[in-house]
Amino acid sequence: MTDAAAPAPASGTTSATPAKSAPRRLPLKPGEASGGARFFAGLLVIGYALIAMIPLVWIFATSFKSPPDSIAYPPEVIFEPTLEGYVNLFTSRTRQTAEYIESLGPPQTWYEELVRKRNMVISGPSRFADRYWNSVVIGFGSTFLAVFLGTLAAYAFSRFKVPLKDDLMFFILSTRMMPPIAVAIPIYLMYRELGLSDTAAGMILLYTAVNLSLSVWLLKGFVDEIPREYEEAAVVDGYTRLQAFRKVILPQMRAGIAATAIFCLIFAWNEYAFALLLTSGEAQTAPPFIPIIIGEGGLDWPAVAAGTTLFLLPVVIFTVLLRNQLLRGITFGAVRK
Amino acid sequence: MAEIVLENVHKAFGDFTAVRDSSFTIRDGEFFVMLGPSGCGKTTTLRMIAGLELPSSGRILLDGEDVTWKRGAERDIAFVFQLFALYPHMSVRRNISFPLRIAGLPRREVRARTEEVAKLLRIEHLLDKGVGGLAAGDRQRVALGRAIVRRAKAFLMDEPLGALDAEFRDVMCEELRVLHNRIGATTVYVTHDQVEAMSMADRICVMNHAEVLQIGSPGEVYDRPATKFVAGFVGSPSMNFLAARGGLPAGARAIRVNGSEIAIPETRAPLDAAEAFLGARPEHIRIADEGALRGRVFGVEYMGARQLVTVETEAGRLRVRAPNTVRVSDGETVGLDFLTERLSVFDAATDRAVPTAAGGANG
């Protein structure tokens, strides 16, 4: 903002500038809430945030409980934290007799000690790390593909004369009109024929296809917001069309791409039904794996909670990293630059 | 520096004809203004010269070289957009130097030329600022800077002052003209504002409905409009048109308007149509006791030294620009006297001006 109090700026600046910025000095802009209303609004937001956080806090707390604590009734709010859930998550164990454990000698590591207290020995790593890695590959891979293809398609739909443009856009949208799971059986059969069942490539392809409609529609909105003049100016100034797209349009689409990428990632990361149906061994992702972590006498709740906590992290980190872009992206250019 | 020649350039978007078979030459170093209402094809013409739009048929020559099918980047032409199209993610310096950096000039030269242009436009103090916070006038200057810095063969400007406040537009109008005189590069300037066109142009090209109606100096366009549309579009308040009787032979010296004979400059061609229009600018009509036409004063607007009197006559309503010394009041009956040499006659069927001894035929 130009400093309104400063003396007339050096020659060449319009004299209208200081006059225009002067009203910004007023204490209250039109549409701005008064102190009391803002306090009340703040209270509401904090209250809602607390309620929304309860399940997250509960899961986080459970991941540090011991199995008996996790199923205690009434629930234990104050408890002795333990890493048992995380150890159980990453290992598979077998129950042994006390004599056998005795014969093994003293435990080598802190996690072995933790396990032996329950009369168990570690028989090897669990499959959680593999499942988690599958989620990362499939989630980020499909997000990248959906956003990459979506950006190109959105640019083309926004800028070029595409025959049957409206029909094509509607067709793309229509893939969203029924729940994806409705086509689960045909896809299952197709994937079995094509050898895509239980492969990372198959899952990436599937999630890309589901996300592409969202990505094309969202990104087309963002490209439409960018005036054509930018590319035209760049083209007249010596760029080819592709260079103009890369160097001038793409930087301005950053916010939109970030917002779209987050939406795509959240879907691909959280997807449960297809993952359950189409993956079992090789390419299974974390969502169908976590709920079936079995402990002694039923589900191992601390391990499930530990898995869920770790599972939440990437999306949280991704969102926090891109939060500025996201905020600008979601407002959809409603705020004028 | 370049001469731009359009030969039978035609542009259609589907069924819609944007520019119909236009041919004209823009002379080297001239300030050429394309004037017309929105949708008349002036911007499309400009975009075809820039290479942003390809003509459906015809040729465009730049300095004798056929550039019709060349990409914009290969034409060495600079374009200033109405909305400036400054790259929001770059500073003023990077915006101005953008075309030079694309061309791959050495860094030292890029710097020197950028600063030279900034100095010329008096925006050196803004060079390292972002373009987001600039006032409209400064954005305009940056956009101009980006165009000038390349030393392109020609500047094309698409309503570059359209986004500015009215008062500031006058300032920029003058600045642009001064800049043109200094750089001397061929400039094609598109606007719908006839005041802008009149004040800046060496020559004006008036377009309407995809057609070029007249090309001439501001004086020619104003004094000897080629068609009724040009006559009405240029000048404010616009020319008065009186329905008149046609069927004049070549050499006629008067025309009948509602029973009265009004003297006109001697016609050089016959006017065969049964109906015609007599065109008279408000300043070319005098309020007199005895006049060729009589009417009742309908309204008076004071405009400083002059006043604009609306007179209701049998032949229609007329606006007369009269000095303040003439005292008239509403409802009064007055006589109207016409300045014979400055009148135009239009064929009602074709809307074209009838050539007269005063030259009312576009040459």
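The table below gives the values:
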| read-out | value |
| --- | --- |
| Count of residues meeting criterion [within 18 Å of B:Tyr222 (Cα to Cα) and of a type in the set (D, E, K, R)] in the stretch B:335-346 | 2 |
| Helices (runs of 4 or more DSSP H) enclosed by the stretch A:1-95 - at least 1 residues per element that are closer than 25 Å to A:Ala129 by Cα and modelled with pLDDT of 90 or more | A:35-62, A:84-90 |
| Members of the stretch B:1-37 that are of a type in the set (S, T, N, Q) and either more than 17 Å from the chain's Cα centre (by Cα) or surrounded by fewer than 21 Cβ atoms within 10 Å (Cβ to Cβ) (or both) | B:Asn8, B:Thr17, B:Ser23, B:Thr25 |
| Residue in the stretch B:48-70 that is modelled with pLDDT under 90, at the interface with chain A (Cβ under 9 Å from one of its Cβ atoms) and more than 24 Å from the chain's Cα centre (by Cα) present | no |
| The stretch A:108-139, residues that are more than 37 Å from the chain's Cα centre (by Cα) and over 20 Å from A:Gly295 (Cβ atoms) | A:Gln108 |
| Subset of the stretch B:288-306 that is of a type in the set (A, V, I, L, M) and modelled with pLDDT under 90 - its residue that is nearest to B:Val326 (Cα to Cα) | B:Ala288 |
| Members of the stretch B:161-190 that are within 12 Å of another protein chain (Cβ to nearest Cβ) and touching a residue at least 12 places away in the same chain (Cβ under 8 Å) | B:Ala163, B:Leu164, B:Asp165, B:Phe168, B:Arg169, B:Val171, B:Met172 |
| Residue ranges of helices (runs of 4 or more DSSP H) in the stretch A:229-289 with at least 1 members within 14 Å of another protein chain (Cβ to nearest Cβ) | A:229-236, A:241-244, A:254-270 |
| Some residue of the stretch B:99-109 being surrounded by fewer than 18 Cβ atoms within 10 Å (Cβ to Cβ), part of a loop (DSSP other than H, G, I, E, B), within 13 Å of chain A (Cβ to nearest Cβ) and within 31 Å of the chain's Cα centre (by Cα) | no |
| Filter pass, B:Ala112 being more than 12 Å from chain A (Cβ to nearest Cβ), in a helix (DSSP H, G or I) and more than 21 Å from B:Arg27 (Cα to Cα) | yes |
| Test result for A:Phe144, surrounded by fewer than 20 Cβ atoms within 10 Å (Cβ to Cβ), among the aromatic types (Phe, Trp, Tyr), under 30 Å from A:Gln284 (Cα atoms) and more than 14 Å from chain B (Cβ to nearest Cβ) | yes |
| Given (1) more than 21 Å from B:Ala185 (Cα to Cα); (2) in contact (Cβ under 8 Å) with a residue 24 or more places away in the chain; (3) at the interface with chain A (Cβ under 7 Å from one of its Cβ atoms), number of the condition B:His125 does not satisfy | (2) |
| Matching residues, the stretch B:115-135, being hydrophobic (A, V, I, L, M, F, W, C) and surrounded by fewer than 18 Cβ atoms within 10 Å (Cβ to Cβ) | B:Leu120 |
| Enumeration of residues in the stretch B:78-94 that are modelled with pLDDT of 90 or more, closer than 21 Å to A:Leu242 by Cβ and either in contact with a helix residue (DSSP H, G or I) (Cβ under 6 Å, 6 or more places away or on another chain) or part of a loop (DSSP other than H, G, I, E, B) (or both) | B:Phe79 |
| Conditions (1) at pLDDT 90 or above; (2) under 16 Å from A:Phe263 (Cβ atoms); number of the one not met by A:Pro180 | (1) |
| Matching residues, the stretch A:289-337, being modelled with pLDDT under 85 and of a type in the set (Gly, Ala, Ser) | A:Gly295, A:Gly297, A:Gly298, A:Gly329, A:Gly333, A:Ala334 |
| Residue in the stretch B:72-82 that is more than 8 Å from chain A (Cβ to nearest Cβ) and closer than 21 Å to B:Lys129 by Cα present | yes |
| Unmet requirement for A:Glu84, which otherwise passes all of (1) in the same structural domain as A:Ile266 (by TED's automatic domain parsing); (2) in contact (Cβ under 8 Å) with a residue 60 or more places away in the chain | (1) |
| Which listed residue is out of contact with any Pro (no Cβ under 6 Å at 6 or more places or on another chain), crowded, with 23+ Cβ neighbours inside 10 Å and not assigned by TED's automatic domain parsing to the domain that holds A:Leu219, from A:Ala261, A:Ala306 | A:Ala306 |
| Strands (runs of 3 or more DSSP E) completely within the stretch B:150-247 that count 1 or more residues being over 17 Å from the mean Cα position of the chain (by Cα) and surrounded by 21 or more Cβ atoms within 10 Å (Cβ to Cβ) | B:154-158, B:240-245 |
| Contacts under 8 angstrom Cβ, first residue in the stretch B:137-156 being at the interface with chain A (Cβ under 10 Å from one of its Cβ atoms) and small (Gly, Ala, Ser), partner surrounded by fewer than 24 Cβ atoms within 10 Å (Cβ to Cβ) and assigned to a helix (DSSP H, G or I), 6 or more apart | B:Gly137/A:Ala16; B:Gly137/B:Phe168; B:Gly137/B:Val171; B:Gly137/B:Met172 |
| One residue from B:Leu343, B:Leu278 being touching a His at 6+ places or on another chain (Cβ under 8 Å), among the aliphatic types (A, V, I, L, M) and either loosely packed, with under 15 Cβ neighbours inside 10 Å or closer than 26 Å to B:Val212 by Cα (or both) | B:Leu343 |
| Among the candidates B:Gly299, B:Gly304, residue that is surrounded by fewer than 18 Cβ atoms within 10 Å (Cβ to Cβ) and either aromatic (Phe, Trp, Tyr) or more than 27 Å from B:Pro218 (Cβ to Cβ) (or both) | B:Gly299 |
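Here's the yes/no breakdown for (1) closer than 30 Å to B:Ser97 by Cβ; (2) exposed (fewer than 15 other Cβ atoms within 10 Å of the Cβ); (3) over 22 Å from the mean Cα position of the chain (by Cα):
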site: A:Lys220; (1), (2), (3): no, no, no
site: A:Thr240; (1), (2), (3): yes, yes, yes
site: A:Gln243; (1), (2), (3): yes, no, yes
site: A:Ile257; (1), (2), (3): yes, no, no
site: A:Leu310; (1), (2), (3): no, no, no
site: A:Val315; (1), (2), (3): no, no, no
site: A:Leu326; (1), (2), (3): no, no, no
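The values are calculated or read from the model by the stated rules, or taken from the named source; none is laboratory data. Quick caveat: nothing in here was measured; it's all calculated off a predicted structure. Backbone-built Cβ (ideal geometry, glycine too); neighbour counts: all protein chains shown.
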